[in-house]
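All remarks here apply to the structure that follows.
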Amino acid sequence: MTEQTLSIIKPDAVERNLENDIKNFFEKNNLKIIKTKKVKISKEESSDFYKVHQTKPFYIDLCNYLSSGPIVVMILEGENAVKKNRQLMGATDPKKAEEGTLRKMYGLSIDKNSIHGSDSIENAKIEINFFFK
Ligand code: UDP
Ligand code: MG
């Protein structure tokens, strides 16, 4: 089934000029970028975006981090896009990510792991609406 999902190139990857490499990687793997923009969000916006994690010990650092510099947000579209994107991203911790995944290739650490991707069709809709309403 054709789906849409939200992807974010996080500040560590934007800073290292990985935007084009990451976009080409998605396109080569049959995820089409149908909308994209570079933005810098506020602490309030990042806290809202990541509110599902508000009870986690890493929440404050995570929100500070996502609002620390420019990010690139994208709507990806393709067959099983949500799951496909998660597979292409790899595990949250780059040290545990499989060979050939974005986080294995570019992630620096569990917090600076270069990329975000929606984890369900339902959350994809919410996250797409967050950035592209
Ligand atoms: N994160 C962190 N420390 C942890 C777990 C997660 O800093 O111990 C950060 C990491 O940047 C991750 C984000 O919080 O991408 C959201 O966590 P989640 O468990 O949803 O991982 P993801 O869905 O991004 O793989
Ligand atoms: Mg997640």
Practice item. Determine whether ILE121 is free of Cβ contacts under 8 Å to residues at least 24 places away in the same chain, aliphatic (A, V, I, L, M) and at negative phi. Key: no
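So how many residues does segment 54-64 have that are closer than 18 Å to ASP12 by Cα and more than 14 Å from ligand 2 (Cβ to nearest atom)? Walk me through how you get there before you give the answer.
From segment 54-64, those closer than 18 Å to ASP12 by Cα are 58-64; that's our starting set.
Now narrow it down to the ones that are more than 14 Å from ligand 2 (Cβ to nearest atom): 60-61, 64.
Total meeting the criteria: 3.
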Check your understanding: With (1) part of a helix (DSSP H, G or I); (2) surrounded by 14 or more Cβ atoms within 10 Å (Cβ to Cβ); (3) hydrophobic (A, V, I, L, M, F, W, C) as the list, and ILE33 as the residue in question, which single condition is left unmet?
Key -> (1)
**Study point:** Those residues of segment 110-133 which are more than 16 Å from ligand 2 (Cβ to nearest atom) and either closer than 18 Å to LEU18 by Cβ or not in a loop (DSSP other than H, G, I, E, B) (or both), in sequence order
**Key:** ASN129
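Can PHE58 be described as among the aromatic types (Phe, Trp, Tyr), in contact (Cβ under 8 Å) with a residue 24 or more places away in the chain and surrounded by 13 or more Cβ atoms within 10 Å (Cβ to Cβ)?
no
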Exercise for review: Kindly check whether there is at least one residue in segment 50-73 that is touching a helix residue (DSSP H, G or I) at 6+ places or on another chain (Cβ under 6 Å), away from ligand 1 (no atom under 15 Å from the Cβ) and modelled with pLDDT of 95 or more.
Suggested key: yes
Study note, to complete from the structure: Taking segment 64-91 and keeping only residues that are in contact (Cβ under 8 Å) with a residue 12 or more places away in the chain, under 17 Å from LEU6 (Cβ atoms) and in a helix (DSSP H, G or I), one is left with LEU66, ALA81, VAL82, LYS84, ASN85, ARG86, GLN87, LEU88, MET89
Check your understanding: Which of the residues belonging to segment 74-84 are crowded, with 16+ Cβ neighbours inside 10 Å and within 15 Å of ligand 2 (Cβ to nearest atom)?
Key -> VAL82
**Study point:** Qualifying residue in segment 99-118 (condition: in contact with a Leu (Cβ under 9 Å, 6 or more places away or on another chain) and under 10 Å from THR5 (Cβ atoms))
**Key:** yes
Check your understanding: Looking at LYS37, LYS51, LYS43, LYS23, which is the one that is among the basic types (Lys, Arg) and within 16 Å of ligand 2 (Cβ to nearest atom)?
Key -> LYS51
Review point. Where residues in segment 85-133 are over 13 Å from the mean Cα position of the chain (by Cα) and basic (Lys, Arg), which of them is surrounded by the fewest Cβ atoms within 10 Å (Cβ to Cβ)?
Key: LYS133
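The values are calculated or read from the model by the stated rules, or taken from the named source; none is laboratory data. Please read all numbers here as calculations on a predicted model, not as lab measurements. Every residue, glycine among them, receives a Cβ derived from its backbone with ideal geometry; neighbour counts consider all protein chains shown.
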